[in-house]
Amino acid sequence: MGKQLFGTDGIRGVAGEPPLDPRTVTALGIALGEDLTRRGLGAKPVLIGMDTRESGPGIAAQLGAGLKRAGVGVRFAALVTTPGVAYLTRTGDFSAGIMISASHNPFQDNGIKVFSRNGYKLPDEEEHEVEERIFQLLESLESVAQATALTHDSDVRPYLDFLLATLGGATLAGLRVVIDCGNGAASALASQLFAEAGAEVTAINCRPNGRNINLNCGALHVDGLREAVLAQGADAGVAFDGDADRAILISSRGRVIDGDAAMLIAARRLQADGHLAGDVVVSTVMSNLGLEKALGRLGITMLRTPVGDKYVLEEMLRRDAALGGEQSGHVIFRDYATTGDGMLTALKLLEACVRAHATLDELAADLTVFPQLLVNIRVKQRRPLDQLPGVVDQIHACEIALNGMGRVLVRFSGTEPLARVMVEGPDFTQVENWAGKIAEAIRAELG
């Protein structure tokens, strides 16, 4: 039986409603605490961090209450990024780490991501075991544990020092950078980090109020950042999502440097330094054909996985790959991190510019992007796509029309009630036409 609570990036939903209601969150804390004790790790505390959503402190307190009810201690890092929790968990004396965030979603949503003590997200098997225990507890739990607000008692400074150390003595001195923190987790960290790295920093959207996270800003809304970069004549702009595990950059000429462009720039730098193991880069089915072709010209093989940085990392571990990521801006530098890290990505790309004496525009110039359109369709139910005849027929007709010069991908979101249709090909009109036809077929079948 598949998992019902854990998606591709932890548990996610509307704060205060199942599965993020106090009862289920308490049960998760108890189930995780019992799981850690069963694995001989219960004597060490769990590190909890969160982004800036107004619901974060309450969820943290409820998780802490559940863990303590299971006999496991808690340390609270308060506002920190998802990769910050992963790093602090694997380098500190913790049994596990928990990040409370819904990443790029609006403030009403929240989520719970769990990391094992080695900084990796829990494997599917362990998530399934914890989930089964949660359902058992929900049947028998007589009362919700009394939640007490957690006290900030864990320093994030070691994480910033680690990021700075990845520059290997290089400096970003002379670079003018605009940073859009999306009113999220990077708000308290990014400006300080890039200033300490030597850059001249202008920060925007760094005033979170609990409800403005990702609101027309950050990695999913870069128009404001582009305007600021061009108006100020900056060398680059960097936009983070709510938990800063991804970054989208803007070049001095206003070009969007997404995850595909970032992987090309990083792969070339790593290859030149002899650090691109096996000349392999791992990406997902969403990465543009243009990236695959550009990497191929460098003699680099691109492997594709299902969407989700968790699956990218699993393939990287299998292939001993040093670099992987997603078009959305999650980039994993495995020599340094166990998860996507937006601040690390931005540092390494700007370092590549400094070392190559080149701009982001110049480093991404050989990436020719095929027209690609992604359409999201809200659905009332999920049924196997191969059981929807109208959808299957449209997909097949699209593949025939593309004649090997493009791709079509239809899948359900792992975090939202959405079906996603991606069509890619040499002509945008053709791409738009087929994406619309497939989307209409899905609406007709699933509502």
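Tabulated data for the structure shown
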item	result
Length gained when the stretch ASP427-LEU167 is fully extended (0.36 nm per residue, less Cα-Cα span)	89.5 nm
Equivalent ellipsoid semi-axes, the chain, via Cα gyration tensor eigenvalues times 5, rooted, Å	34, 29, 20
Cut-off 19 Å (backbone N to label point 7 Å along Cα→Cβ of MET405), residues of the stretch 255-284	none
FRET E, pair GLU125, LEU298, Förster distance 25 Å, beta-carbon r, rounded to 0.05	0.10
Where labels lie 7 Å past Cα in the beta-carbon direction, separation of ASP393 and THR202 in nm	5.5 nm
Residue-averaged 222 nm ellipticity for the chain, from DSSP H runs of 4+ at -39500 (n - 2.57), nearest 500	-12000 deg cm²/dmol
Listed residues LYS293, LYS113, LYS380, most fluctuating in the chain (Gaussian network, C-alpha, under 10 Å)	LYS380
Extreme residue, positive dipole direction of the stretch 338-447, given options ALA439, VAL379, CYS353 (C-beta unit charges)	VAL379
ALA444 paired with ASN376, simple spin-label distance in nm, labels 7 Å along Cα-to-beta-carbon	2.5 nm
Between the stretch 37-66 and the stretch 76-146, the Cα center-to-center distance that results, in Å	7 Å
Area projected by the alpha carbon convex hull of the stretch 354-408, averaged over all directions, nm²	6.9 nm²
Tail beyond 21 Å, pair distance distribution of the stretch 64-154 (Cα, percent)	39 percent
The stretch 332-383 and the stretch 182-225: distance between their alpha carbon centers, rounded to Å	18 Å
Residue among LEU418, LEU388, VAL408 farthest towards the positive dipole end of the stretch 372-446, charges placed on Cβ	LEU418
Antiparallel DSSP beta bridges within the chain, as percent of all bridges there, nearest 5	55 percent
Distance violations [Cα-Cα > 23 Å] among LYS44/LYS113; LYS3/LYS380; LYS310/LYS380; LYS3/LYS121; LYS44/LYS121; LYS310/LYS348	LYS310/LYS380
Residue of ASP21, ASP235, ASP258 that the Gaussian network model of the chain assigns the largest fluctuation, springs spanning Cα pairs under 10 Å	ASP21
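Coordinate-derived values only; no laboratory data. As the structure is a prediction and not an experimental result, all values here were calculated from the model. Virtual Cβ from ideal backbone geometry, glycine too; neighbours counted across all protein chains shown.
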